[in-house]
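Below: one structure, written as structure tokens.
Please treat every number below as a calculation from the coordinates, not as lab data. What you are looking at is a predicted structure, and each value in this text was computed from that prediction instead of being measured. Methodologically, a virtual Cβ is constructed for each residue, glycine included, from the backbone with ideal geometry; neighbour enumeration extends over all protein chains shown.
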Amino acid sequence: MSRVRVHNFSVSLDGFAAGEGQSLEAPFGHAGGRLTEWFFGTRTFHEMHGTPGGSTGADDAFASNWGPGIGAEIMGRNKFGPQRGPWADEDWKGWWGDDPVFRTPVFVLTHHPRPSITMRGGTTFHFINAGPTEALEAAREAAGGLDVRIGGGPSTVRQFLAADLIDHLHIVVVPIILGRGERVWDGLEDLEQRFDVETASTPSGVAHVTFTRR
């Protein structure tokens, strides 16, 4: 069976994976770009956005595992965009531009389903009102035998971990203190007992922690 994977998921030292006050102009709220600065300089990030250059060191080695073998993604609504409640503007197609980086089916979890959106480059956003198990069944069918990536945000990753549905989890511990925002670890006591855990530090100052299901 295909695996369920999380990659490049940044968390502050005090356990927050998103800041407070998310908006159209501030996707990570008051955290700004501090959680993802390690990623922006990598070759993987540049390739995702069609630009040359980028580093090829240890951070890129971890970041580059994001895409190979993935056939579908599941994301929470807040990763798609900042709107809450019923969709006020269905013409707006998310933060990801006309050619999103995913290039697979993407299942957006929402209490307010809407028609699917087909974008350039092979990305189709499907908006579904479903729990983790049901959403994973739909994503696996769309993935055609390839793996499914859980893209975030924090509450989505937390729900799939709580349901014991994740096989590989790559957390990037960023040496900052956010103090407020959305936490990822709440309610997941003894999580490490399900996984083999490895940690690697890099010159950028982050620590890559990988959890692989035993």
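Of ASP147, ASP14, ASP190, the sequence from fewest to most neighbouring Cβ atoms within 10 angstrom is ASP190, ASP14, ASP147.
At q = 0.13, 0.15 Å⁻¹ the log10 of I(q)/I(0) for the range 126-194 amounts to -0.45, -0.58, computed by Debye summation with a single uniform scatterer per C-alpha, solvent ignored. Positive-end ranking of THR133, THR202, LEU165 along the dipole of the chain, with charges on Cβ about the Cα centre, is headed by THR133.
What's the extension gain from ASP164 to ALA88 if we count 0.36 nm per residue and subtract their Cα-Cα distance? Numbers along the way, then the final one.
Values: separation 76, 0.36 × 76 = 27.36 nm, distance 3.41 nm.
So the extension gain works out to 23.9 nm.
The per residue volume of the convex hull around the alpha-carbon atoms of the range 30-97 is 128 Å³. Size of the chain from its Cα atoms: along the principal axes, largest to smallest, the extents are 43, 36, 33 Å.
Taking only the Cα atoms of the range 103-153, the ratio Rg/Rh comes out at 0.94, with Rh defined as the Kirkwood radius.
In order along the range 48-53, phi translates into HN-Hα couplings of 4, 9, x, 10, x, x Hz, rounded to whole numbers, per the Karplus curve 6.51 cos²θ - 1.76 cosθ + 1.60 with θ = phi - 60° and x for Gly and Pro.
What the phi angles of the range 130-143 give under the Karplus curve with 6.51, -1.76 and 1.60, with θ = phi - 60°, is a coupling list of 8, x, x, 5, 5, 5, 5, 4, 5, 5, 5, 4, 6, 6 Hz, glycine and proline written as x.
So for MET119, MET75, fewest C-beta neighbours within 10 Å to most, what's the order? Could you put the intermediate results ahead of the total?
Numbers: MET119 18, MET75 22.
Ordered by Cβ neighbours within 10 Å, fewest first: MET119, MET75.
Taking all Cα pairs closer than 8 Å and separated by 6 or more residues, the relative contact order of the chain comes to 30 percent.
Excluding the sites themselves, what is the longest stretch of the chain that contains no GluC sites (Glu not before Pro) in a DSSP loop with at most 12 other C-beta atoms within 10 Å? It would help to have the intermediate numbers written out before the result.
Values: sites that count: GLU25, GLU90, GLU189.
Longest site-free region, per DSSP loop and neighbour criteria: 91-188.
Footprinting exposure proxy ranking of SER201, SER23, SER10, fewest other C-beta atoms within 10 angstrom first, gives SER23, SER201, SER10.
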